[in-house]
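As structure tokens, the structure follows; a few thoughts come after it.
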Amino acid sequence: MPPLFETHKSSVDLDRLMTQRVLIGYGSRYGSTAEVAQEMRNVIQETGAQIDLVNLRKGTPPGELQGYDLVIIGSGIQAGRWTKEPLEFIKKNIERLSYMKVALFVVSGFATDPKNHETVQTEYLDKIVEENPGLKPVATAFFAGVFDFKKYNFAVRRLVKGIVKKQMGPDEEVPDKIDSRDWDQIRGWTAGLLE
Ligand SMILES: Cc1cc2nc3c(=O)[nH]c(=O)nc-3n(C[C@H](O)[C@H](O)[C@H](O)COP(=O)(O)O)c2cc1C
């Protein structure tokens, strides 16, 4: 005789029980975006999800893209542009990404100043979406970045120090490092992606 009551897990419960798989692919010239991506990994790990973190300059994702529930792609901004590897990653995988849950982020020096936020959103995020038809991110974010003058060569240091100096008062010295990353913002955005 069949059991009078069968216990079925609802599909919602099953979804929750299944481990989510997340990929973070990023490009970072001077390392601050790499540290942001590492913190995102920590946040995702804490939720019990599986996470692959890939510096796209150095490697490719270990698994097939369709195996991921969420793909987070990000870059530091240099001279108004993303680094080339995450852009190439998007272009190469656009067909697959077009029906996946994708989130984009940038780490940008100009994002430190709220008066630049609209431009940063338009130029560094919306433009990437426009240039890659089919890409429909569920979320985008810009994070204020780092100026780490000791890491730059002489010419870059002079150029970037000059730009930063213009934003400061005449008597203010430009410090060796300005780190404007808001870790709570970064952690909060990442956690929100998994909800
Ligand atoms: C040569 C150079 C050019 C930069 N150009 C821009 C820029 O055009 N817009 C911007 O928002 N930030 C700019 N920045 C600031 C970077 O976006 C910031 O330092 C960011 O944290 C870099 O990420 P990374 O350390 O992962 O390379 C520039 C920084 C350097 C060193």
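See the values below:
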{"quantity": "Relative contact order %, the stretch 82-195, counting alpha carbon pairs below 8 Å whose residues are six or more apart", "calculated": "27"}
{"quantity": "Highest average packing first - 91-99, 171-179, Cβ atoms within 10 Å", "calculated": "91-99, 171-179"}
{"quantity": "Length-normalised contact order for the stretch 111-171 - Cα pairs under 8 Å, 6+ apart - percent", "calculated": "31"}
{"quantity": "Residue 142 long-range amide H proximity, modeled H, under 5 Å", "calculated": "106"}
{"quantity": "Filter on 84/166; 127/150; 84/136; 58/84; 115/161; 91/161 - keep pairs with C-alpha separation over 22 Å", "calculated": "84/166; 127/150; 91/161"}
{"quantity": "Backbone HN-Hα couplings from phi across the stretch 106-114 [Karplus 6.51/-1.76/1.60, Hz, Gly and Pro as x]", "calculated": "10, 10, 9, x, 5, 5, 4, 9, x"}
{"quantity": "Kyte-Doolittle mean at least 0.0, axial Cα span of 27 Å or more - DSSP H helices of the chain", "calculated": "none"}
{"quantity": "Whole-number percent relative contact order across the chain, with pairs defined as alpha carbons under 8 Å at least 6 apart", "calculated": "20"}
{"quantity": "For the chain, share of DSSP beta bridges that run antiparallel, in % to the nearest 5", "calculated": "15"}
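Readers should treat all values here as calculations from the given coordinates under stated rules, not as data from a laboratory. Worth saying up front: this structure is predicted, and the values here are computed from it rather than measured. FYI the Cβ positions are ideal-geometry reconstructions off the backbone, even for glycines, and counts take in every protein chain you see.
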